[in-house]
Amino acid sequence: MLIVETVLKPDQFGGIGLFSATLLPKDSLIWIHNPIVDIAVTPEQYETLAPTFRALLDKHAYPRDYKANDGIIEYNADNARFMNHSSQPNTYQDDHCRVLTARDVQPGEELTCNYLFFDPTCELSWNEEPSVNVDAPTG
């Protein structure tokens, strides 16, 4: 669940991005897990959903814990689902599964994360920038 003020607007690639509405100094906490907003979906639940909602999950959900390989995905029901990938993200996830800023983030700057940190098997061929596989968060 996002805990900072953000706005959605077009990103540099023509999609939608998540942008900071305020100055966020380095190591600012911007996201914490909240099971009401960050919904875990089991493979069995996924199969019972309408195709339109499965398509939404296919686009915006990610493995809850790729190391567990249990098939459970997580869907952020707030605007966090619009955080885009960057091989040089300005956020990172700490050991407590919280997301913080890796450096100062200016008002109006897009908030980004490295999708490969959450899912090393993530398909990034659609991405217009070179990707870098990381084993640890930046920051």
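How big is the charge dipole of the chain about its Cα centre, in debye rounded to the nearest 20, if each Lys and Arg gets +1 on its Cβ and each Asp and Glu gets -1 on its Cβ? Working shown, then result.
Values: 9 positive and 21 negative charges, 40 e Å.
The dipole of the chain has a size of about 200 debye.
Counting only helical runs of four or more DSSP H residues, what would the 222 nm mean residue ellipticity of the chain come to if each run contributes -39,500 (n - 2.57) and the total is spread over all its residues? Spell out each step's value before the answer.
Numbers: 3 runs with 20 residues, N = 139.
Computed ellipticity for the chain at 222 nm equals -3500 deg cm²/dmol.
Rg to Rh ratio, region 1-95, alpha-carbon atoms and Kirkwood radius? Could you put the intermediate results ahead of the total?
Numbers: Rg = 14.5 Å, Rh = 14.8 Å.
Rounded to two decimals, Rg/Rh equals 0.98.
Can you give the % of DSSP beta bridges in the chain that are antiparallel, to the nearest 5?
Values: 19 of 21 bridges.
Roughly 90 percent of the DSSP beta bridges within the chain come out antiparallel.
Only the coordinates and a few stated rules stand behind these numbers; no lab work does. Being a predicted model, the structure only gives us computed values, none of them experimental. With ideal geometry, Cβ positions are generated from the backbone for all residues, glycine too; neighbour counts draw on all protein chains shown.
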